[in-house]
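Okay, structure first, notes after.
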Ligand SMILES: Nc1ncnc2c1ncn2[C@@H]1O[C@H](COP(=O)(O)OP(=O)(O)OP(=O)(O)O)[C@@H](O)[C@H]1O
Ligand SMILES: [Mg+2]
């Protein structure tokens with residue numbers, strides 16, 4: 001990559017808040033069944049930060065992300081993005097859904113899928129071509145451009161969804177367990193891709209995962225959620241050097257410590273432990 | 001399966017039926033069941049000495065206009081109703097009522113309003129064809145994937161692109177199913193409306209033959225209708241295969257996976 005990386009040094013530590021989640025509560029009202037998925041979540045994400053969210057299955061991670069994305073109305077509390085209350089999907093946001101396969105348009109080819117949001121953003125044609133090409137190359141799918149999503153494996157479909165988000169050049173990137181369906185090697189590559197894009201574009205990333213190693217490796221901060229009804233169990237600052245790579249970073253003693261700490265927290269969350277309030 | 005074998009299987013039953021008809025009526029002296037050989041013999045002179053342009057083409061033109069109008073109307077209304085819960089709640093009972101009315105009974109009523117000209121026949125065809133298209137479109141629009149809708153919202157697709165790239169494309173398999181049903185209904189209504197009151201058309205001609213006891217000619221009319229049906233459904237299939245190739249592929253991959 002030829003562009004100068006905007007690393008931590010270039011980014012002020014006390015960054016302005018990009019995203020402010022205040023007292024978020026979400027109760028699903030079904031027929032005769034109400035589920036309190038999220039009870040009370042408050043946290044802040046600075047501009048250009050990469051924050052990981054971990055929590056047990058069913059903790060409401062997807063619910064949280066959908067509220068932030070403006071796809072779901074919260075029951076109480078609010079989400080403030082760049083100083084404005086979120087009431088619908090804001091401009092400059094991309095989401096990689098957990099159900100990646102269902103988020104691709106089956107009647108479009110891979111390239112058309114990646115290109116559509118750019119057309120909507122009125123990106124000029126030549127620029128569009130370049131962005132699509134680069135994004136597909138970045139996820140290793142330039143060969144599959146003309147295939148339809150159903151002709152690809154689950155992991156490849158996931159990468160198309162990621163390429164679409166990347167080509168869009170968002171300010172805010174929300175990813176919901178995006179690497180769940182890819183093999184270990186691809187996963188490592190994609191993790192590095194997310195890190196390098198984050199550095200290059202200065203995008204704010206909120207990354208949901210159930211993989212503790214991944215959360216510590218990627219994030220500058222890891223927010224651990226309790227089990228449902230959900231509150232923040234603890235925010236762990238990942239004080240690892242900003243230049244990370246799969247081998248050295250993962251073998252640092254500090255990495256093991258942080259990993260162990262988050263692991264313990266998640267175990268506590270699973271057993272129903274909640275912070276004393 | 002190789003192509004030759006496929007064609008052989010495809011044609012086996014029709015050929016058998018024709019052979020049976022041929023054999024059963026071969027020595028027939030029954031006035032109403034003339035030998036198939038005789039019917040086939042009169043086919044050419046009955047239809048290709050002026051009647052094709054005088055009767056078949058006007059019939060087809062009315063069918064085409066009525067059918068296309070019904071598809072446009074059905075898809076338009078169906079999309080609106082499928083996208084809006086309020087509209088659905090308001091209209092569903094009414095739709096059920098209108099759908100339950102067999103369109104041929106509308107012919108005498110429409111004759112009062114629209115006379116016995118082309119307008120009446122086109123209206124009859126529209127009134128019958130619109131329902132399967134409309135109801136299938138509503139279903140198709142409602143069944144759109146939730147995640148796909150969310151995706152379109154996140155990337156802020158504008159109304160127009162959302163309509164084209166998400167709603168219509170997504171509902172297109174169901175729309176096609178409705179349009180296929182509508183096609184056969186359209187052919188039936190084309191004939192019926194011409195039998196009531198007309199001065200040309202295939203249905204009119206068949207009735208004329210029957211009234212003048214030109215029985216072999218009457219039979220050729222029925223064969224003509226069958227042929228029209230086959231040709232139109234073939235055209236339909238070709239168009240459908242082109243537009244919905246993704247859907248065929250998707251379904252095949254799901255079956256294998
Ligand atoms: N549409 C809905 N209607 C009712 N309840 C829902 C709905 N969506 C989610 N829930 C409930 O809310 C809770 C949180 O669900 P959510 O999908 O947000 O969890 P998650 O943390 O993303 O889980 P996973 O890690 O398995 O993806 C669950 O108990 C779930 O049953
Ligand atoms: Mg989830």
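Of note:
- Relative packing of peptides B:114-122, A:175-183 - highest average C-beta neighbours within 10 Å first: A:175-183, B:114-122
- Of interest is the spacing of the C-alpha centroids, which for region B:190-221 and region A:69-140 amounts to 60 Å.
- Two-site label geometry, residue B:33 and residue B:112: point separation in nm, points 7 Å out along Cα→Cβ: 4.3 nm
- Average partner coverage of A:165-173, which counts Cβ from other chains inside 10 Å: 1
- Between residue A:257 and residue B:73, the C-beta separation translates, for a Förster distance of 60 Å, into a calculated FRET efficiency of about 0.30.
- Part-to-part distance (alpha-carbon centres) for region B:1-65 and region B:109-150, which is given in Å: 31 Å
- Once the Kirkwood radius over Cα pairs is known for region A:103-189, the Stokes-Einstein relation at 10 °C and 1.306 mPa s delivers a diffusion coefficient of 122 µm²/s.
- Gaussian network model of chain B, springs between alpha carbon atoms under 10 Å - residue of B:173, B:58, B:102 with greatest fluctuation: B:102
- Length added when fully stretched, residue B:90-residue B:252, from 0.36 nm per residue minus Cα-Cα: 54.5 nm
- Cα pair distances in the protein assembly as shown, grouped into 20 Å bins until the bin that holds the longest one, percent each: 18, 38, 24, 15, 5, 0
- Convex hull volume per residue for region B:86-139, taking Cα atoms only, in Å³: 84 Å³
- If R0 equals 56 Å, the separation of the Cβ atoms of residue B:26 and residue B:80 corresponds to a calculated FRET efficiency of about 0.45.
- Linear extension gain, residue B:5 paired with residue B:237, 0.36 nm per residue minus alpha-carbon span: 81.5 nm
- Peptides A:163-171, B:22-30 ranked from most to least packed give A:163-171, B:22-30, packing being the mean of other C-beta atoms within 10 angstrom over each peptide's residues.
- Averaged over B:152-165, number of beta-carbon atoms from partner chains that fall within 10 Å: 5
- The convex hull drawn around the Cα atoms of chain A, when projected onto a plane and averaged over every direction, covers 15.7 nm².
- Between residue A:200 and residue A:153, residue separation times 0.36 nm minus the direct Cα-Cα distance comes to 14.0 nm.
- FRET efficiency, 1/(1 + (r/R0)^6) with R0 56 Å, evaluated for residue A:121 and residue A:34 via beta carbons: 0.90
- Most to least packed among B:67-73, A:265-271, A:92-98 [average Cβ atoms within 10 Å]: A:92-98, B:67-73, A:265-271
- For region B:43-256, the spherically averaged projection of the C-alpha convex hull amounts to 14.8 nm².
- Cα convex hull of region B:28-73 - mean projected area over all directions, nm²: 4.6 nm²
- Taken residue by residue and averaged, Cβ atoms of other chains lying within 10 Å of the Cβ of A:99-109 number 6.
- Computed [θ] at 222 nm, deg cm²/dmol, chain B (DSSP H ≥ 4; -39,500 (n - 2.57); rounded to nearest 500): -26500 deg cm²/dmol
- Taking other Cβ atoms within 10 Å as a rough exposure proxy, A:263, A:217 sort from fewest to most as A:263, A:217.
- Look at the alpha carbon pairs under 8 Å that are at least 6 residues apart: their mean separation over the length of region A:159-277 gives a relative contact order of 22 percent.
Values in this text are rule-based calculations from the coordinates and carry no lab data. Computed from a prediction, not measured in an experiment: that's the story for all the values here. Backbone-built Cβ (ideal geometry, glycine too); neighbour counts: all protein chains shown.
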